[in-house]
Amino acid sequence: MSDAPRIVLLPGDGIGPEIVAAATQLLEALGEFDFDERLMGGCSIDAHGVALTDEVLAACRESDAVLLGAVGGPKWDTTDPDAPRPEQGLLGLRKGMGLYANLRPVRPSPALVGASPLREERIAGTDLLVVRELTGGIYFGDSGRDGDSAHDTCEYSTAEIERIARTGFEAAQRRAGGGSHTPRVTSVDKANVLETSRLWREVVGRVASDYPGVELDHLLVDNAAMQLVSRPAEFDVIVTENLFGDILSDESAMLTGSLGMLPSASLGEAGAPGLFEPVHGSAPDIAGQGIANPLATFLSAAMMLRHGLGRPGDAERIESAVDVVLERGLRTPDLAAADDTSVGTDAMTEAVLNQLFA
Ligand code: NAD
C-alpha cells in the first residue's frame, strides 16, 4: 500500500463535481494522494435510496481526510417527511465521524476587499477564524411543549467545553506557526446571564494554562457581534458554543461579501479524519455551465492540508496562489463587477495551478 494520504472525495450534486475535480487537479500538482471518490447527497439517493450509505461512511472514517463539494438541488426537494433528503448525508457524516468543531476562516483576499459590505479601511487586514462547537448546547438539549409554553434546554459538560477549547488554542498556535504575531483566542459566551456560559468561561480559562504562548480574552456574545463589524481585523481565533457560533460564523462570512470564496473544516478527535468543504451550496442554477467559482473549494483543500494533513506549507502555497490570481484581475462571473470580463472554472483553475510553483 502507498504511504500517500488517503482522501475520500465526495463531489455531491450541482456544481459539486466541477469544483471538486478542479481541487483534485491542484492537489495532484502538490503531491501524491490516494483519492477515493464516492457518492453522497442527492446522487447517492438516486443510486442507493439514501444520502449516505454505511459503506461510504466507513470509507470516510478510515480515510485521512474527506473533501466535499456540495449536496442538494430541486430534484430532491420534498415536503414528504419520510423521503430521503441530501442534507441527511451531511448530518450522518458529522455524527458518524464524530465531528464536533467547525472552523470557518474569514480572510478576505486583498483584491476583493471592495466586495465587503464594510468600508475598506475596516475590513482591510482581517484574518480571523471562528471555531464553533457543533454537538452540544441548546440544539441538542431537551425541548418540548407544555400547553401554551415551550422550552429548549442548553446543556454543556466540562469535557465538551474542554475539547473545543483545545481545538481553538491549537488552531491559534498553528495559525501563528512560530511567526511574529502572538496567537490570541477570544472565547465568546454570555456569562453575565447563563450558567452554561459561566462553566464555559471557567473551563476555557483552565485549558488556557496548557497553552502559555496563546493570549486569551473573553467577550460577551452581544459585544462580539458588534466588534465583528466594527473592528474585525483585531480578532484572531474566536471560540464559542453551538448557537452563538451558528450566528457569529454567518455574520463573519458576510464580512467578505463573496460566498464563492469561503472554506470550512469540521474536525473531531486528534488524529481522526476531518471534513473539508466550501460554505456555499450546490448552486443548481449554474451547474454544468463551467462557470462555478472553484476558489472556496481550493481554500477548503488548503484547510485540509493545514488542519487535516499537517502540510501548512502546501496550504500557504494554495492561499497565496489564489491571492495572486485575484490580484491580477481574474474573476469568475460571481466575483466580476459589471464591467469586468470573467473566466470559467477551467481557466481559473489553470491560472491558480500555474501560480502554485511560480
Ligand atoms: P447556494 O450557495 O447553492 O447558491 C446561492 C447563490 O450563490 C446562487 O446564485 C449560486 O449560483 C451562487 N453560488 C454559490 N456557490 C457558487 C460558486 N462556487 N460559484 C459561483 N456561484 C456560486 O445556495 P442555495 O441556492 O440556497 O442552495 C442550493 C442547494 O444547495 C440547495 O439544495 C441547498 O439545500 C444546498 N446547500 C447545500 C450546502 C452544502 O452542501 N453544504 C450548503 C448550503 C446549501
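The values are calculated or read from the model by the stated rules, or taken from the named source; none is laboratory data. What you are looking at is a predicted structure, and each value in this text was computed from that prediction instead of being measured. Ideal geometry is used to build each Cβ from the backbone, glycine not excepted, and the neighbour counts take in all protein chains shown. Keep in mind that these areas ignore ligands, DNA and RNA; they rest on the heavy atoms of the full protein, side chains included. Shrake-Rupley method; radii C 1.70, N 1.55, O 1.52, S 1.80 Å.
Okay, here's what the table says:
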item	result
Coordinate range along principal axes, alpha carbons of segment 117-265, Å, largest first	55, 38, 27
Charge dipole of segment 104-161 about the Cα centre (unit charges at C-beta), most positive-ward option of S157, S116, I138	S116
Segment 291-358: trypsin sites (Lys or Arg not before Pro) in DSSP loop, at most 13 other beta carbons within 10 Å	R328
Separation of the E162 and A124 label points, Cα + 7 Å toward Cβ, nm	4.5 nm
Accessible-area composition of the chain, carbon plus sulfur, in percent [1.4 Å probe]	49 percent
Pair-distance profile P(r), taking every C-alpha pair of segment 206-358, with 5 angstrom steps and integer %	2, 8, 14, 17, 19, 17, 12, 7, 3, 1, 0
Dipole magnitude (debye, nearest 20) for segment 108-248, charges at Cβ of Lys, Arg, Asp, Glu	500 debye
Given charges at beta-carbon only (K, R positive; D, E negative), |dipole| of the chain in Debye	720 debye
Cα Rg over Rh - the chain, Kirkwood	0.96
Extent along principal axes [Cα atoms of segment 150-206; Å; largest to smallest]	49, 22, 21
Mean-position separation - Cα centroids, segment 119-138 and segment 241-286, in angstrom	10 Å
Most positive-pole-ward Cα, G281, A265, S249, against dipole of segment 244-358 from beta carbon charges	A265
Principal axis box of segment 13-59, alpha-carbon based, largest edge first, Å	36, 24, 10
